[in-house]
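The values are calculated or read from the model by the stated rules, or taken from the named source; none is laboratory data. Everything numeric here is computed off the predicted structure, so don't read it as measured data. Glycine also receives a Cβ, built like all others from the backbone with ideal geometry; neighbour counts cover every protein chain displayed. Just the protein is used for accessible areas: all its heavy atoms, side chains included, with ligands, DNA and RNA removed. Shrake-Rupley method; radii C 1.70, N 1.55, O 1.52, S 1.80 Å.
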Amino acid sequence: AIDDFSQKNGHHYSTNHETGSVAGVEAGTDTDCGTSYLALGDAVRHHLMPESELDTVVKRLFTARMKLGMFDPPQNDPYSSIPFSDVNSPEHAELALRAARESMVLLKNDGHFLPLRNQTIAVVGPLAASRIALEGNYNAIPLHPVLPVDGIVSEYGAERVIYAQGAPYTAGGSVPVPRTMLRTADSKEAGLTGEYFAAPSFDGKPEMTRIDKEIDFDWAFANPVPSLSTHPEEQSFAVRWTGTIAAPVADTYTFQLRVPFCYPCGGKLQFAIYLDGKKLDTAPPQPQAGVRLPPSGRNFGGLQQFSIPFADTNPHAIRIEYIQSGRIPLGGISFEWTPKDDLLQRQAIEAAKKADVVVAFVGLTSRLEGEEMNVHIDGFSGGDRTSLVLPDVQEQLLRALAQTGKPMVVVLLNGSALAVNWAAQNAKAILEAWYPGQAGGQAIAETLSGKNNPAGRLPVTFYTSVDQLPPFDDYSMANRTYRYFKGKPLFAFGDGLSYTTFEYSNLRLSTEELHAGDTLTVEADIKNTGSAAGEEVAELYLTPPRTDVSPKLALRGFERLYLDANETKHVVFHLDPRQLSVVDDKGVRAVVPGEYRISLGGSQPDGDEAPGVRSSTFTIVGTHSIPR
């Protein structure tokens with residue numbers, strides 16, 4: 001970020017790295033994830049800042065390192081005694097599942113269409129079997145991710161699930177080759193047979209053999225071979241996949257192997273693909289999104305592309321080999337193709353016709369939205385969003401599926417807001433699943449079945465389009481975020497439905513007249529008035545006196561509660577002076593006199609669920625300054 005201050009394609013804030021670095025330090029930024037701070041020495045020598053300011057920075061950084069025990073003997077450092085077995089432990093796996101369950105946000109449930117019971121389900125969409133849609137961005141690496149389609153198969157049974165890829169992420173884009181095209185050699189299962197060797201060769205017997213539905217793996221800083229999983233320094237292994245591939249229609253298709261760039265990294269990577277026993281030649285590597293090509297002759301991997309002309313739809317023998325010797329920071333492999341959009345859509349329509357209900361998985365991935373990426377397509381620019389709508393090819397898929405007349409549930413996977421206006425009008429239900437992590441597929445399936453009663457709330461506003469927002473280079477808060485937005489959003493900050501209902505009563509404030517600097521206590525009762533147990537998120541909003549810069553309301557507390565059917569619980573919130581304060585047009589924070597409103601419920605007081613919100617007013621007398 002400090003680099004961006006002075007880069008030509010950055011913010012044009014500073015003339016060079018010296019002045020940009022000084023600005024970063026003066027703003028309180030102690031560390032720079034880049035190289036600009038290498039100029040701080042020259043900045044001091046050129047009298048752009050006193051050395052004493054650097055002393056303050058260094059003291060804070062070393063204090064943090066000392067608190068982490070980085071200078072203590074290992075036997076005195078509690079972090080050094082954590083065993084590697086804690087990684088991916090059963091307790092942590094359960095926590096990942098809990099996090100995924102609790103993050104599910106049910107945005108629409110027309111006529112209580114969900115939960116799904118005994119229907120045959122068509123699972124369609126490019127994110128239904130997408131690993132990267134579970135991981136998101138700047139992510140840890142799940143060793144055993146549960147894809148959405150697999151979670152639904154586990155929850156409902158394979159005989160009641162029909163899967164079709166439906167569309168690529170974007171028009172003309174690549175996606176992993178779907179399991180519907182791959183079969184084991186005996187043709188009994190979808191996918192390929194993977195043989196995993198604990199050495200960088202295929203000598204001897206594999207340590208593990210399993211069926212992999214898709215060839216789409218992220219092994220960064222990880223090892224898929226069980227015997228090596230407790231030795232992160234050992235990253236030499238080999239994997240061989242065998243089986244058959246069959247084209248959906250006779251045609252020439254473009255495929256690619258997505259493998260890492262590395263220069264130099266101390267490791268070695270070999271990979272190959274064979275069709276009907278013949279090794280296929282791949283084109284020179286193309287850069288992956290967000291990855292810069294290294295100097296010529298010092299790389300391997302990337303997007304290795306090739307074409308296969310299929311003269312028929314018969315199964316053809318396929319073999320994919322991956323050999324990794326040593327540590328490769330971005331290890332992994334994905335077998336992808338670039339299908340024709342209409343082909344995938346036709347397959348999805350056929351699946352929908354055979355089912356009672358369609359569950360469509362659409363949204364975004366970290367290959368579309370992220371930091372400074374090499375992506376420049378409709379709706380996306382360099383990792384930024386230029387539009388809030390779904391990619392066109394996904395929107396078209398939803399509309400085509402609706403033409404079958406089958407009821408549709410839309411499941412969104414994404415890291416930022418989506419303007420799903422058509423789905424909001426036409427889908428029977430919408431579930432926002434975000435990038436839900438390694439257990440995401442299980443959590444989604446349990447939410448669709450009702451085993452998990454959703455209680456998540458939107459932490460951002462879902463606008464109807466970018467037209468509702470001011471230009472992004474307008475840095476004021478006017479008409480931006482739930483606190484200042486004047487229009488009607490598609491879905492509001494704090495929105496989220498449940499399979500049961502809740503009632504708020506007996507809202508009480510500790511006083512109707514509060515002296516500035518004192519704490520206000522808010523109490524109320526919450527009852528589960530439905531027939532199912534569930535969790536409720538009680539949201540407490542404060543509406544301050546109106547000024548030119550004051551927010552229309554602000555979330556000042558929330559509590560997640562589990563209630564059995566007909567159970568009542570009491571909640572208490574304590575609002576301290578800072579929570580009761582506002583900021584004026586000069587940036588000064590203080591508790592100021594005037595009339596305030598407190599609102600408590602399962603949504604914003606002006607939201608779609610506002611009838612259940614309880615409100616009360618109080619007055620603050622006097623003024624109390626809040627230190628910065």
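Treating the Cα atoms of segment 68-123 as identical point scatterers in vacuum, please give the log10 of the normalised Debye intensity I(q)/I(0) at q = 0.16, 0.19, 0.23 Å⁻¹, two decimals.
-0.76, -0.90, -0.99
May I ask you to give the percent of accessible area on the chain that is carbon plus sulfur, with a probe radius of 1.4 Å? Write down the numbers at each step before the final one.
On the way: 15360 of 30000 Å².
After summing per-atom areas, the C and S share lands at 51 percent.
Using label points projected 7 Å from each Cα along Cα→Cβ, tell me how many nm separate ILE626 and ARG319, to one decimal.
6.8
Work out the length of the dipole vector of the chain about its Cα centre, built from +1 on the beta-carbon of each Lys and Arg and -1 on the beta-carbon of each Asp and Glu, and round it to the nearest 20 debye. Each step should come with its number before you reach the end.
Numbers: 55 positive and 75 negative charges, 192 e Å.
In total the dipole reaches around 920 debye.
Using the beta-carbon distance between ASP251 and ARG117 and R0 = 35 Å, what value does 1/(1 + (r/R0)^6) give for FRET efficiency, to the nearest 0.05? Don't skip to the end; give the middle numbers.
Working: r = 40 Å, r/R0 = 1.13.
According to the calculation, E is roughly 0.30.
Taking segment 403-476 on its own, what percent of its Cα-Cα pair distances exceed 19 Å?
Numbers: 1286 of 2701 pairs.
That fraction is 48 percent.
To make sure I understand the rule: partners must be aspartates and glutamates, Cα under 15 Å from the Cα of LYS569, and not fewer than 8 residues away in the same chain. Which ones qualify?
The reachable aspartates and glutamates, counting only those whose Cα sits under 15 Å from LYS569, are GLU503, GLU523, ASP525, GLU535, GLU536, GLU539, GLU559.
For the chain, build the charge dipole from Cβ charges (+1 Lys, Arg; -1 Asp, Glu) around the Cα centre, then report which of ALA100, HIS316, PHE558 sits farthest towards its positive end.
Working it through, the farthest residue towards the positive pole turns out to be HIS316.
How much of TRP219 can a 1.4 Å solvent probe reach, expressed as accessible area in Å² and rounded to 10?
Roughly 10 Å² of TRP219 is accessible to a 1.4 Å probe.
Using a 1.4 Å probe on the protein heavy atoms only, what accessible surface does LYS552 show? Give it in Å² to the nearest 10.
Roll a 1.4 Å probe over it and LYS552 shows about 80 Å².
Return the distance in nm (one decimal) between the two label points of a simple spin-label model at ASP342 and LEU95, each offset 7 Å from Cα along Cα→Cβ.
5.2
Based on DSSP H runs of at least 4 residues, each adding -39500 (n - 2.57), what is the mean residue ellipticity at 222 nm of the chain after dividing by all its residues, to the nearest 500 deg cm²/dmol? Could the numbers behind the result be given before it?
Details: 12 runs with 109 residues, N = 628.
Taken over the chain, the calculation gives -5000 deg cm²/dmol.
In µm²/s, what is D for segment 538-628 at 37 °C and 0.692 mPa s, where D = kT/(6 pi eta Rh) by Stokes-Einstein and Rh is the Kirkwood radius from Cα pairs?
Numbers: Rh = 14.5 Å.
Diffusion coefficient, whole number: 227 µm²/s.
With r defined as the distance between the Cβ atoms of PHE306 and ALA140 and R0 fixed at 41 Å, what FRET efficiency is calculated, to the nearest 0.05? Don't skip to the answer; put the middle values down first.
Numbers: r = 32 Å, r/R0 = 0.78.
Result of the calculation: an efficiency of 0.80.
Please report, largest first and rounded to whole Å, the three semi-axes of the ellipsoid equivalent to segment 427-548, where each semi-axis is the square root of five times an eigenvalue of the C-alpha gyration tensor. If you can, show how the numbers build up before the last one.
On the way: eigenvalues 180, 139, 30 Å².
Those come to 30, 26, 12 Å.
Run the dipole for segment 141-193 about the Cα centre, Lys and Arg Cβ at +1, Asp and Glu Cβ at -1, nothing else charged, and hand back the magnitude in debye, nearest 20. Walk me through the numbers on the way to the answer.
Details: 4 positive and 5 negative charges, 26 e Å.
Computed about the Cα centre, the dipole is about 120 debye.
What percentages, rounded to whole numbers, describe P(r) for segment 315-397 computed over all alpha carbon pairs with 5 Å bin width beginning at zero?
3, 10, 13, 15, 16, 15, 14, 9, 4, 1
Looking at the chain, what % of its DSSP beta bridges pair antiparallel, to the nearest 5?
Details: 101 of 122 bridges.
Of all bridge pairs located within the chain, approximately 85 percent are antiparallel.
Excluding residues fewer than 8 places away in the same chain, name every one of the lysines whose C-alpha is closer than 25 Å to that of LYS552.
Straight-line reach from LYS552, under 25 Å: LYS486, LYS488, LYS586.
Just grab the label-to-label distance for ARG546 and ASP281, each label 7 Å out from Cα along the Cβ direction, in nm (one decimal).
That separation, rounded to one decimal, is 7.4 nm.
How long is the gain from GLU207 to VAL466 if the chain were fully straight, where each residue apart is worth 0.36 nm and the alpha carbon distance is subtracted? Each step should come with its number before you reach the end.
Details: separation 259, 0.36 × 259 = 93.24 nm, distance 5.27 nm.
Net length gain for the segment: 88.0 nm.
Which value, in Å² and to the nearest 10, is the accessible area of VAL161 when all protein chains are kept and the probe is 1.4 Å?
About 20 Å², rounded to the nearest 10.
Quote the FRET efficiency, to the nearest 0.05, computed for SER505 versus LYS451 with a Förster distance R0 of 30 Å and r equal to the Cβ-Cβ distance.
Numbers: r = 30 Å, r/R0 = 0.99.
Efficiency at R0 = 30 Å is approximately 0.50.
Using the Cα atoms of segment 24-164, I'd like the radius of gyration and the largest Cα-Cα distance, Dmax, both in angstrom.
When restricted to the Cα atoms of segment 24-164, Rg and Dmax are 25.1, 74 Å.
How much length is gained if the chain between HIS46 and SER416 is pulled fully straight, taking 0.36 nm per residue apart and subtracting their Cα-Cα distance, in nm to one decimal? Kindly include the intermediate steps, with their values, before the conclusion.
Values: separation 370, 0.36 × 370 = 133.20 nm, distance 4.28 nm.
Stretched fully, the HIS46-SER416 segment lengthens by 128.9 nm.
For segment 432-478 and segment 192-227, what is the centre-to-centre distance using only Cα atoms, to the nearest Å?
The two parts, judged by their Cα centres, are 35 Å apart.
Using 0.36 nm per residue of separation minus the Cα-Cα distance, give me the extension gain between ILE377 and TYR13 in nm, one decimal. Mind showing how you got there, number by number?
Numbers: separation 364, 0.36 × 364 = 131.04 nm, distance 2.75 nm.
Roughly 128.3 nm would be gained on extension.
Express the C-alpha Rg of segment 297-443 as a ratio against the empirical globular expectation 2.2 N^0.38 Å, rounded to two decimals. Walk me through the intermediate numbers first.
On the way: Rg = 18.6 Å, N = 147, 2.2 N^0.38 = 14.7 Å.
Cα-based Rg divided by the globular estimate yields 1.27.
When ranked by the protection proxy of mean other Cβ atoms within 10 Å per residue, highest first, what sequence do the peptides 144-154, 78-88, 367-377 form? Mind showing how you got there, number by number?
Details: 144-154: 22.4, 78-88: 10.8, 367-377: 16.5.
Result, highest mean Cβ count within 10 Å first: 144-154, 367-377, 78-88.
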